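Right, one structure below, let's go through it.
The values are calculated or read from the model by the stated rules, or taken from the named source; none is laboratory data. Computed from a predicted model, the values in this text were never measured in an experiment. So basically every Cβ, Gly included, is an ideal-geometry build from the backbone, and we count neighbours across all protein chains shown. Accessible surface areas use protein heavy atoms only, side chains included; no ligands, DNA or RNA. Shrake-Rupley method; radii C 1.70, N 1.55, O 1.52, S 1.80 Å.
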Amino acid sequence: GRIAVRAQAPAAPSGQSSFNAQFDLQGSATSGALRLFSPLGTTLAQVNWRPRAARLLSRGEAQDFADLDALMTHLLGINLPSEALFAWLRGEAATATGWQVDLGEHANGRISAARLAAPKAQLTVLFEAHSH
């Protein structure tokens, strides 16, 4: 799939920061693996998590975090609600504090969500569901 995040970033010259990558996701909010790729297919990062632990492998270095939410905040610069995100990917309208999700295009492999609280952010995920 493909993920794009655009967020307010007061420290950035434009006041915005953005993240755009292809991804391969396996697992659930409890445990799993995520690989992020550049548009050219180069691996940007690999994330592995389990209860109370998450690890980011990027540029040959490993960083450990308390959980997936802490790791995603570090990686994307915003608090992305992982449990809600997995529900959204399943087409479930889970609530997440400060976020509003649009699942109207879920059947077409697209979800979008907006973080309404500061820092404001826009998340777009394009995906292909794989059944196992």
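Worth pointing out:
- Across the stretch 28-48, the number of residues qualifying as without any contact (Cβ under 8 Å) to a residue 12 or more places away in the chain and in a strand (DSSP E or B) comes to 1.
- First in the stretch 72-87 and more than 21 Å from ASP102 (Cα to Cα), second anywhere and aliphatic (A, V, I, L, M) and surrounded by fewer than 18 Cβ atoms within 10 Å (Cβ to Cβ), Cβ under 9 Å, 6 or more apart: LEU75/ALA45; GLY77/ALA9
- Of all residues in the stretch 100-132 being farther than 19 Å from LEU76 by Cα and not in a loop (DSSP other than H, G, I, E, B), the one that is most open to solvent (accessible area, probe 1.4 Å): ASN108
- First in the stretch 49-69 and open to solvent by 30 Å² or more (accessible area, probe 1.4 Å), second anywhere and hydrophobic (A, V, I, L, M, F, W, C) and in a loop (DSSP other than H, G, I, E, B), Cβ under 7 Å, 6 or more apart: ARG52/ALA66
- Odd one out for SER18 among (1) of a type outside the set (Val, Ile, Thr); (2) open to solvent by less than 20 Å² (accessible area, probe 1.4 Å); (3) in a strand (DSSP E or B): (2)
- GLY27 in contact with a Phe, Trp or Tyr (Cβ under 9 Å, 6 or more places away or on another chain), open to solvent by less than 70 Å² (accessible area, probe 1.4 Å) and at positive phi: yes
- Some residue of the stretch 62-80 being touching a helix residue (DSSP H, G or I) at 6+ places or on another chain (Cβ under 7 Å), acidic (Asp, Glu) and in a helix (DSSP H, G or I): yes
- Residue in the stretch 90-99 that is without any contact (Cβ under 8 Å) to a residue 40 or more places away in the chain, open to solvent by less than 70 Å² (accessible area, probe 1.4 Å), within 23 Å of ALA7 (Cα to Cα) and touching a Phe, Trp or Tyr at 6+ places or on another chain (Cβ under 8 Å) present: yes
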